[in-house]
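To start, the structure itself, in structure tokens.
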Amino acid sequence: MIQLLSFLLFVALASGFSQPFSRLSSRVVNGEDAVPYSWPWQVSLQYEKDGAFHHTCGGSLIAPDWVVTAGHCISTSRTYQVVLGEYDRSELEGPEQVIPINAGDLFVHPLWNSNCVACGNDIALVKLSRSAQLGDKVKLASLPPAGDILPNEAPCYISGWGRLYTGGPLPDKLQEALLPVVDHEHCSQWDWWGITVKTTMVCAGGDTRSGCNGDSGGPLNCPAADGSWQVHGVTSFVSAFGCNTIKKPTVFTRVSAFIDWIDETIASN
């Protein structure tokens, strides 16, 4: 029974959706303002409503014309754009690149089920209508090797414009927070996420810092052995009890489990 309750009590983290679970589309909880442009692959995925575009999810630029985000961030009934080189959403600072998305260029993983976020496969690719202009403030994310598994307590960072706390406001400036990895052995214990968390997911945080609504689709940035950064996770869901519920770490889609699908989708489109 406890495992069943654990399975049910989660919310996905994107904004502007009407499904019975929330998604990470707001701000990082108990984070801090990121150093401007320190996560240069971070993007804001925005949808059109009433003639204006609104932030709904994060994402990572993984090729000049491709962004990876969460499957739950995508609806085929919506019109999207991606903003690169964004930091303070309240100001036009100069480096921003606003790129429209064509309706046919949204590629959600074929096994993603919008009625079962805990079933996994919460990942999508978005093809930009034109290539990004790369530079100091807009760079490509590096992805981990296929099958790569992070050790427990690996020092990763979430970044995004999600809510500052459960039910709280969205920030203007990009937030970041240190979220140490919780390995599958710990995260799948009955009083943590139990059977909800799959091996194709990554848990991180789980106490005072977490993702929250609006962070969905954004990166879990983790250091590689050579000192560079790799995007190991796509922000997926948190507990329905609150974004920073103890023993309920933020759950990410494990990017290294989907490298083949990413490569095949980009190659064929």
Given the conditions (1) farther than 22 Å from Val202 by Cα; (2) hydrophobic (A, V, I, L, M, F, W, C); (3) free of Cβ contacts under 8 Å to residues at least 12 places away in the same chain, every one holds for Val83 apart from (3)
Within the range 113-155, residues touching a strand residue (DSSP E or B) at 6+ places or on another chain (Cβ under 7 Å) and not in a loop (DSSP other than H, G, I, E, B) come out as Val117, Ala118, Ala124, Leu125, Val126, Lys127, Pro155
By residue number, the members of the range 240-256 that are under 15 Å from the mean Cα position of the chain (by Cα) and aliphatic (A, V, I, L, M) are Val251, Val255
Residues of the range 86-112 being free of Cβ contacts under 8 Å to residues at least 40 places away in the same chain, within 13 Å of Ala132 (Cα to Cα) and surrounded by 14 or more Cβ atoms within 10 Å (Cβ to Cβ), in sequence order, are Glu96, Ile99, Pro100, Ile101
When the range 251-269 is checked residue by residue, the ones that are part of a helix (DSSP H, G or I), among the hydrophobic types (A, V, I, L, M, F, W, C) and surrounded by 15 or more Cβ atoms within 10 Å (Cβ to Cβ) are Val255, Ala257, Ile259, Trp261, Ile262, Ile266
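Results for (1) part of a strand (DSSP E or B); (2) within 17 Å of the chain's Cα centre (by Cα); (3) modelled with pLDDT of 95 or more, shown as yes or no for each residue.
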site	(1), (2), (3)
Gln3	no, no, no
Phe7	no, no, no
Phe21	no, yes, no
Arg27	no, yes, no
Ser38	no, yes, yes
Ser44	yes, yes, yes
His55	yes, yes, no
Val68	yes, yes, yes
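The values are calculated or read from the model by the stated rules, or taken from the named source; none is laboratory data. These numbers come from a predicted model, not from an experiment. FYI the Cβ positions are ideal-geometry reconstructions off the backbone, even for glycines, and counts take in every protein chain you see.
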